[in-house]
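Following: one structure in structure tokens, then a few remarks.
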Amino acid sequence: MLGSLARWLRFAGFDTFFDPKRDDAPLAALARSEGRWLLTRDRRLAAKAGPRVLLLSGATVAQQVAELCSRLALTVEEARFFTRCSACNGEVVAVGREEVLPLVPPYVAAHAPHFSRCRSCGKVYWPGTHEPRIRRTLHQLFGLAPPP
Ligand SMILES: [Zn+2]
């Protein structure tokens, strides 16, 4: 239900667990044991969860982020953007060109200025045409000054 929000929180660098296949009880237990905030639009799940639960009502990511920011003291830093894998939440670290050359299309291998890679799933990232758009959207979502 909140998959899109999870992806945008990961783009912003927040440690964001998301598993739509996980049942309510194990999800609430995991949030409690890891001290995570549980974000949900499901009243039944919210009632079962511990004290760190936020019942969101917004239908769009922008509304959901606004709710989050009004209720939690989130520290949003541009330096943390793109430090989490949008696919699996793993930590994304800078890697050398030679490590990823066999894994990316030839044009990207020849032209991308630098690369990073997820430590969990191995997904390779590089600054592509979509990055400025994602960065601008993150600035809008979290109310930061527009990027230069
Ligand atoms: Zn990953």
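Provide the per-residue ³J(HN,Hα) series for the stretch 67-76, in order, calculated from phi with Karplus coefficients 6.51, -1.76, 1.60 and θ = phi - 60°, each as a whole number of Hz, with x at glycine and proline positions.
4, 4, 5, 7, 10, 10, 7, 6, 9, 9
Just how far, in whole angstrom, is the stretch 15-29 from the stretch 45-113 if you go by their alpha carbon centroids?
Each part's Cα centre sits 17 Å from the other's.
State, to one decimal in nm, how far the label point of D23 lies from the label point of A94, with both points 7 Å from Cα in the Cβ direction.
In this crude spin-label approximation the distance works out to 4.6 nm.
Residue by residue through the stretch 84-92, which ³J(HN,Hα) values in whole Hz follow from phi under the Karplus form 6.51 cos²θ - 1.76 cosθ + 1.60 (θ = phi - 60°), with glycine and proline marked x?
So the Karplus estimates, Gly and Pro as x, are 10, 6, 5, 7, 10, 6, x, 6, 9 Hz.
Label-point separation (nm) for A79 and R119, each offset 7 Å from Cα along Cα-to-Cβ?
Here the answer is 1.8 nm between the modelled labels.
Assuming 0.36 nm per residue, please report the length gained on full extension of the stretch L55 to R133 beyond their Cα-Cα distance.
Here the answer is 25.2 nm.
Give me the Kirkwood hydrodynamic radius of the chain in Å, from all C-alpha pairs, to one decimal place?
16.8 Å
So how far apart, in nm, are the two label points at C69 and W37 if each is 7 Å from Cα heading toward Cβ?
Taking the simple label geometry, C69 and W37 are separated by 1.3 nm.
Per residue of the stretch 39-44, what does 6.51 cos²θ - 1.76 cosθ + 1.60 with θ = phi - 60° give for ³J(HN,Hα)? Whole Hz please, x for Gly and Pro, Karplus curve as stated.
9, 8, 9, 9, 4, 5
Hey, got a sec? Which GluC sites (Glu not before Pro) in the stretch 1-78 land in a DSSP loop and have at most 15 other Cβ atoms within 10 Å?
Listed in order of number, the matching sites are E34, E77.
Can you tell me the orientation of helix 131-142 relative to the chain, as the angle in degrees between its alpha-carbon axis and the longest Cα principal axis, to the nearest 10?
The angle comes out near 30 degrees.
How many percent of DSSP beta bridges within the chain run antiparallel, rounded to 5?
Looking only at bridges with both residues in the chain, the antiparallel portion is about 70 percent.
All of the numbers you see were taken from the coordinates with simple rules; none came from a lab. Computed from a predicted structure; not experimentally measured. Because the Cβ atoms are built from the backbone with ideal geometry, glycine has one as well, and the counts that use them run over all protein chains shown.
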